[in-house]
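Peer 1: The structure's right below; bear with me while I get my questions together.
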Amino acid sequence: MLMDRSSHWFSRIRRSFQRFVVSTSREEGSLVVAIAVIAILGMFGAAFATQSLGDLHYSSLIQEQAQARAQAEGGLNAALWQLDHLTPGKAASLVTNPQFSGGSSHPSPAASYSYTATFKGSYFSILSTGKSYGISYTLHARAEPETNFPFAIFGKDSLTLNGSASTTSITGILGTEGSLKCDGNGNYGDAQFMPKSSSASSDSESSSKNGGPGCNPEPLPTPYDPHQPVSSCQNSSSSGDVPSTPCLPSEYFLCPSSSSSNTGEQVITGAIMPGVYYCTGSVVFSGNVSVVNESTVNQGEAQIFIFPSGSQVPNLTFESAGKDNPIAINTQGSNPAQLQIYMAGNGSISIGRHTSSNNSSASASGSPSSSGKSSVVINAMLWAPDATMTINSPLSWSGSLIVGSFTMEGTPKLSVTYKAPLTPGPLVSWGLSDFYTVPQS
């Protein structure tokens, strides 16, 4: 009986041990699985963390590069601001010192820029570098003056020159959207003839330019279609025009005429103040006319707008005050933009007409007659894109002539000199082109 009890207890101990062994094996297996899962999750987590850190670093680089580019664009704007404030003295000094530079007023590691503008004769080449935390970005741009008056002479419909080498001298760009005829043997200096390539004809076998045969026409680089000035800037659509359409501001003075002829022409003579003027009907510039040197008024410029009077188409005449007396218009300064004349309508422009002091012989048509030995010197900008201008008497013009048709008849002594300005003002703005990113070395 004692043996039976011992066997019974032994069996119970063995069964308990077996159950313990089985339970322990199961727990160890679960632990191994848990450790394996944790290891796998850890590897995925490490990979995700590495990827996240890489993405974060890449995002930071992209952000810094964008900041550097924005700084470079800011440098271009700063260079353009300097060009907008280019003084005549600074413009003149570019001949000997053709470069200026600048940079951020408060540079920091996070944001800074520097720029250099180099004058290339007729345009500026600008390099601007922006930086942000060691990332550099460099931009190049070409800045050219954009003006309503790029030409020395522009005949919208036609340009005809009949001159001789001894009497004709033209310096500047000549252009037309119509027919170009150079029938004479004129001395055209460094003139560039730019007719519209699709429609212009050149009848120029016997004329010369730079010692070469003919007018040497070249296509207009960009379309140029000047429109008549309008009497209100508020309703003007000039923003879409190339070039922009001149418009009369809301504030202006009446025509600065000192008297009227017996045919109703407004006669301008003597000194006039800078400002914007509104004239109706035909206008005569008689004898000596000067613009008072007062830069604080309308930037020192006299802008004269001439519009039709009812159904009467205006004409423009430059005349001497007496036989053999000179005509001197705005000759006291060197800036033709000091006197700007804008005329609407398809009237005529005459130069050299002589009348008596009371204008009793003035004709309504404005047809010219010989002015004897009188000299005609005019320093002005003329915008009359539908008017007809015929030259058959001596003329020395410094400035731009934008007309509908320009004709030089016979062999008058004609001298026209004009190059588009670099100094800012209502005539000049800056256009950017050749815009690209400069690779980092």
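The values are calculated or read from the model by the stated rules, or taken from the named source; none is laboratory data. All figures in this text were calculated on a predicted structure; none of them were measured in a lab. All Cβ positions, glycine included, derive from the backbone under ideal geometry; neighbour counts span all protein chains shown.
Peer 1: Return the total of residues in the stretch 274-298 being touching a helix residue (DSSP H, G or I) at 6+ places or on another chain (Cβ under 9 Å) and within 14 Å of Gln340 (Cβ to Cβ).
Peer 2: 4
Peer 1: Give the residues of the stretch 111-128 that are among the β-branched types (Val, Ile, Thr) and either in contact (Cβ under 8 Å) with a residue 60 or more places away in the chain or out of contact with any helix residue (DSSP H, G or I) (no Cβ under 7 Å at 6 or more places or on another chain) (or both), sorted by residue number.
Peer 2: Taking the stretch 111-128 as the starting set, the residues that turn out to be among the β-branched types (Val, Ile, Thr) are 116, 118, 126.
The answer is Thr116, Thr118.
Peer 1: Could you tell me whether any residue of the stretch 61-77 is farther than 30 Å from Ser429 by Cβ, in a helix (DSSP H, G or I) and modelled with pLDDT under 80?
Peer 2: yes
Peer 1: Within the stretch 353-374, can one find any residue that is modelled with pLDDT under 95, among the β-branched types (Val, Ile, Thr) and closer than 17 Å to Ala328 by Cβ?
Peer 2: Yes, the stretch 353-374 contains at least one residue that is modelled with pLDDT under 95, among the β-branched types (Val, Ile, Thr) and closer than 17 Å to Ala328 by Cβ.
Peer 1: When you check Gly178 against the structure, is it touching a helix residue (DSSP H, G or I) at 6+ places or on another chain (Cβ under 8 Å) and either modelled with pLDDT of 75 or more or of a type in the set (Lys, Arg) (or both), yes or no? Working first, answer last.
Peer 2: Details: touching a helix residue (DSSP H, G or I) at 6+ places or on another chain (Cβ under 8 Å): no; either modelled with pLDDT of 75 or more or of a type in the set (Lys, Arg) (or both): yes.
No, not satisfied.
Peer 1: With respect to Ala111, is the statement that it is surrounded by 17 or more Cβ atoms within 10 Å (Cβ to Cβ), closer than 30 Å to Ser59 by Cα, within 16 Å of the chain's Cα centre (by Cα) and not basic (Lys, Arg) true?
Peer 2: no
Peer 1: Taking the stretch 307-328 as the search range and keeping residues that are surrounded by 24 or more Cβ atoms within 10 Å (Cβ to Cβ) and touching a residue at least 40 places away in the same chain (Cβ under 8 Å), which one is farthest from Pro394 (Cα to Cα)?
Peer 2: Asn315
Peer 1: In the stretch 294-337, which residues are out of contact with any strand residue (DSSP E or B) (no Cβ under 9 Å at 6 or more places or on another chain) and under 22 Å from Thr417 (Cα atoms)?
Peer 2: Selection gives nothing.
Quick grid of which residues meet (1) over 19 Å from Ala384 (Cα atoms); (2) within 29 Å of the chain's Cα centre (by Cα):
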residue: Ser258; (1), (2): yes, no
residue: Val267; (1), (2): no, no
residue: Thr280; (1), (2): no, no
residue: Phe285; (1), (2): no, no
residue: Ser290; (1), (2): yes, yes
residue: Gln299; (1), (2): yes, yes
residue: Pro308; (1), (2): no, no
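Peer 1: Still on this structure, I have one more. Pick out the one residue from Thr96, Thr118, Thr138, Thr129 that is at pLDDT 80 or above, out of contact with any Lys or Arg (no Cβ under 7 Å at 6 or more places or on another chain) and either outside any strand (DSSP E or B) or exposed (fewer than 15 other Cβ atoms within 10 Å of the Cβ) (or both).
Peer 2: When all the criteria are applied, what remains is Thr118.
Peer 1: Do you know which residues across the stretch 283-340 are at pLDDT 85 or above and on the phi > 0 side of the Ramachandran plot?
Peer 2: Gly287, Asn298, Gly300, Gly310, Asn330, listed by residue number.
Peer 1: Moving on to the next point. Among the numbered criteria (1) closer than 18 Å to Leu432 by Cα; (2) out of contact with any Gly (no Cβ under 8 Å at 6 or more places or on another chain); (3) touching a residue at least 40 places away in the same chain (Cβ under 8 Å), which single criterion is violated by Ala91?
Peer 2: Result: Ala91 fails condition (1) only.
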